[in-house]
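Enquirer: First the structure, which I've put down as structure tokens, then a few questions once you've had a look.
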Amino acid sequence: QVQLVESGGGLVQAGGSLRLSCAASGRTFRNYYIYWFRQAPGKEREFVTGISWRGTTTYYVDSVKGRFTISRDNAKNTVSLQMNSLKPEDTAVYYCAADRVLKGVGARTADYWGQGTQVTVSS
């Protein structure tokens with residue numbers, strides 16, 4: 001069982017940066033792949049990025065490559081998402097998720113979810 005709590009969302013101008021954090025509880029956090037998804041109003045949930053158990057493998061949806069960076073600290077049970085060069089189309093609720101299974105960039109589901117944090121990018 002993993003509980004996830006996101007923080008760090010907010011309002012930022014286009015070109016700006018935000019750093020999201022995901023705090024996890026549960027002794028088996030290090031056994032899970034961690035993902036970030038996002039969902040904009042009226043749109044389907046979208047996979048953003050994922051990171052492996054040890055943090056050695058990361059992958060991203062094409063639209064955020066080169067702008068977003070995911071990282072994890074298993075000792076602190078945290079995962080971060082650094083978002084740079086933000087665009088208005090990045091506006092969405094961002095969700096941290098955990099799963100024991102490796103998910104592809106087309107994934108829409110995961111075993112455990114946080115409540116989400118709003119990111120709004122103004123033009």
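Enquirer: If you roll a 1.4 angstrom probe over the protein chains with everything in place, what fraction of the accessible area of the chain belongs to carbon and sulfur, to the nearest %? Each step should come with its number before you reach the end.
Expert: Details: 3050 of 6370 Å².
On the chain, the fraction of accessible area on carbon and sulfur atoms equals 48 percent.
Enquirer: Now for a different question. For the chain, what relative contact order do you get, as a whole percent, if you take Cα pairs closer than 8 Å and at least 6 residues apart?
Expert: Details: 301 pairs, mean separation 44.2, N = 123.
Once normalised by length, the contact order is 36 percent.
Enquirer: When ligands, DNA and RNA are left out and all protein chains stay put, how many square angstrom of accessible area per residue does the chain have with a 1.4 Å probe? Let's see the in-between values first.
Expert: Values: 6370 Å² over 123 residues.
On a per-residue basis, 52 Å².
Enquirer: Also, I was wondering about something else. Can you give the three extents of the C-alpha atoms in the chain along their principal axes, from longest to shortest, in whole Å?
Expert: Principal-axis extents of the chain (Cα, largest first): 41, 26, 25 Å.
Enquirer: Once you compute Rg and the Kirkwood Rh from C-alpha atoms, what is the Rg to Rh ratio for the range 35-75? Mind showing how you got there, number by number?
Expert: Details: Rg = 11.5 Å, Rh = 11.2 Å.
Answer for the range 35-75: 1.03.
Enquirer: Roughly how big is the chain's charge dipole about its Cα centre, with Cβ charges of +1 (Lys, Arg) and -1 (Asp, Glu), in debye to the nearest 20?
Expert: Values: 15 positive and 9 negative charges, 63 e Å.
Using Cβ point charges on Lys, Arg, Asp and Glu, the chain gives about 300 debye.
Enquirer: Can you pull the three principal axis extents for the Cα set of the range 63-123, in Å, largest first?
Expert: 37, 26, 23
Enquirer: Then there's this: Could you work out the local net charge near T56, counting Lys and Arg as +1, Asp and Glu as -1, over the other residues with Cβ closer than 15 Å to its Cβ? Kindly include the intermediate steps, with their values, before the conclusion.
Expert: On the way: positive: R30, R54, R72; negative: D73.
Residues close to T56 contribute a combined charge of +2.
Enquirer: Right, another one. Take every Cα-Cα pair in the range 1-64 and report what % of them are more than 17 Å apart.
Expert: On the way: 1097 of 2016 pairs.
Percentage above 17 Å: 54.
Enquirer: 7 Å from Cα along Cα→Cβ at both D73 and S21: what's the point-to-point distance in nm?
Expert: Simple spin-label model gives 0.8 nm for this pair.
Enquirer: Next question. Specify the inter-centroid distance of the range 103-121 and the range 20-66, based on alpha-carbon positions, in whole Å.
Expert: Cα centroid to Cα centroid, the span is 7 Å.
The values are calculated or read from the model by the stated rules, or taken from the named source; none is laboratory data. In this text, all values refer to a predicted model and were calculated from it rather than measured experimentally. Cβ: placed from backbone, ideal geometry, glycine included. Neighbour counts: every protein chain shown. Protein only, heavy atoms only, side chains kept; ligands, DNA and RNA dropped before computing areas. Shrake-Rupley method; radii C 1.70, N 1.55, O 1.52, S 1.80 Å.
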